[in-house]
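Beneath this line is the structure, given in structure tokens, with notes to follow.
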Amino acid sequence: MRESTGEAVGKIILMGEHAVVYNMPAIALPFPQAKIITRVYEKRGPVKIMSDLYKGDLLGAPDRLSGLTILISKVMMDFNQPLMDLSIEFKSEIPPERGMGSSAAVAASVVRALFAYFQQPLSEAILLSYVDFAEKINHGNPSGLDARITVLEQPLMFIKGRGFTSINLNLNGYLIAADTGIKGKTKEAVAHVQNRLAKQPDDFYDIKRIGMLVNLALTTIEQQELDQLGALMNENHTLLKTLGVSHPLLDEFCQVALDHGAIGAKLTGGGMGGVMIALAKNLITAKNIASALKQAGAAKIWIHQLED
Ligand code: MEV
């Protein structure tokens, strides 16, 4: 049977989410512990999707999957292929709608799988343009950060409209990521910030302040000053909370992490649910934080060593 696969990884935004939509810098890293594998194989009949969120004909998929279904239709159209005789199966370890870049990773993995299936060469630039296309449908006004992390798979400092610089995140520390189990709402959260800025232009000060924190964070990363980086993450979280994109459980998780030795903690991604990240100096502390977060009700926890 003719078949092919494509993979893509999730992402963690270390600092700068939301402000990045307004051309401030953000720092993000690929998260290979959470990845997605898409398998495309020959099957008679209309194109089918098999995923945890939906199983059935591509054309009958619910609206919330329209970024994905329109993307698949576009790739098939670009290859002059009818929407027939394919089944597309998704196996994901990236929890959906948690701010871990699931939608961009789904898009990257399916484009990789389809290009392999139709034996077409795929450049980074073409892949990026397809993922950006899907992300615009998914999130309305995306910065493009998620797309770049999942395509390039390296820690990046990104500024919308200006591009990215790869950074060395080889720090002597650990990131703990904890899923609240509550679906984040990136599209709503981005729209919420946009409405807020329209009504209260003074809040743009918070966006600029986040941009400043990210620039300071770049220096602390370069100088391996973990304590200062943690303090900047805390302040970043406070500003995101002020902008209205946190959630009581994210705030609680941050406090639990700090109470158990974290040197910084914040929401990551779109917020309004989703995932919290905390920074720890060593593995013992990271494990203590992880078990406290488990007790506090985290749906899933990852420990990620920053040092290579
Ligand atoms: C979502 O992962 C990150 C946001 O900054 C939106 C974006 O960058 O498009 C909230």
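All of the numbers you see were taken from the coordinates with simple rules; none came from a lab. Just so you know, these numbers come straight off a predicted model, no measurement behind them. Cβ sites come from the backbone with ideal geometry, for glycine too, and all protein chains shown count toward neighbours.
Oblate is the label for the range 201-308. Its Cα gyration tensor axes, ordered a ≥ b ≥ c, give a/c of at least 1.5 and b/c at or above a/b.
For the chain, a Kirkwood hydrodynamic radius built from all Cα pairs, placed in the Stokes-Einstein relation at 4 °C and 1.567 mPa s, yields a translational diffusion coefficient of 66 µm²/s. With both labels modelled 7 Å from their Cα along Cα-to-Cβ, the Met1 to Gln223 distance reads 5.8 nm. Ranked for footprinting exposure by Cβ neighbours inside 10 Å, fewest first, Met84, Met50 give Met84, Met50.
Here the chain carries DSSP beta bridges of which approximately 95% are antiparallel, counting only pairs with both residues inside.
The magnitude of the dipole of the chain, with charges of +1 and -1 set on the Cβ of Lys/Arg and Asp/Glu and taken from the Cα centre, is near 540 debye. The modelled label-to-label distance between Asn195 and Asp78, using points 7 Å beyond Cα along the C-beta direction, is 3.4 nm.
State the answer as a single residue: which of Gly230, Leu197, Thr219 lies farthest towards the positive end of the charge dipole of the range 176-238, with beta carbon charges of +1 for Lys and Arg and -1 for Asp and Glu, about the Cα centre. Looking along the dipole axis, the top candidate is Leu197. Using only the alpha-carbon atoms, how far is helix 204-222 inclined from the longest principal axis of the chain? Give it as 0 to 90 degrees, nearest 10. On a 0 to 90 degree scale, this one is about 90. Taking the number of Cβ atoms within 10 Å of each Cβ as an exposure proxy, the fewest-first ranking of Arg209, Arg64 is Arg64, Arg209.
As a quick test, which of the pairs Lys43/Lys183; Lys74/Lys294; Lys160/Lys183; Lys185/Lys300; Lys35/Lys183 have an alpha carbon distance above 30 angstrom in this structure? Present the calculation step by step, with values, prior to reporting the outcome.
Numbers: Lys43/Lys183 33 Å; Lys74/Lys294 42 Å; Lys160/Lys183 26 Å; Lys185/Lys300 18 Å; Lys35/Lys183 18 Å.
Result: Lys43/Lys183; Lys74/Lys294 exceed 30 Å.
Build a GNM of the chain with springs between Cα atoms under 10 Å apart, and of Leu71, Leu293, Leu83 the one that fluctuates most is Leu83. Each residue in Asp227, Asp132 was given a count of other beta-carbon atoms within 10 angstrom of its own, and listing them fewest first yields Asp227, Asp132.
In the range 111-164, what trypsin sites (Lys or Arg not before Pro) fall in a loop by DSSP, with at most 10 other Cβ atoms inside 10 Å? Each step should come with its number before you reach the end.
Numbers: sites: Arg112, Lys136, Arg148, Lys160, Arg162; in loops: Lys160, Arg162.
Those that pass, being in a loop and sparsely packed, are Arg162.
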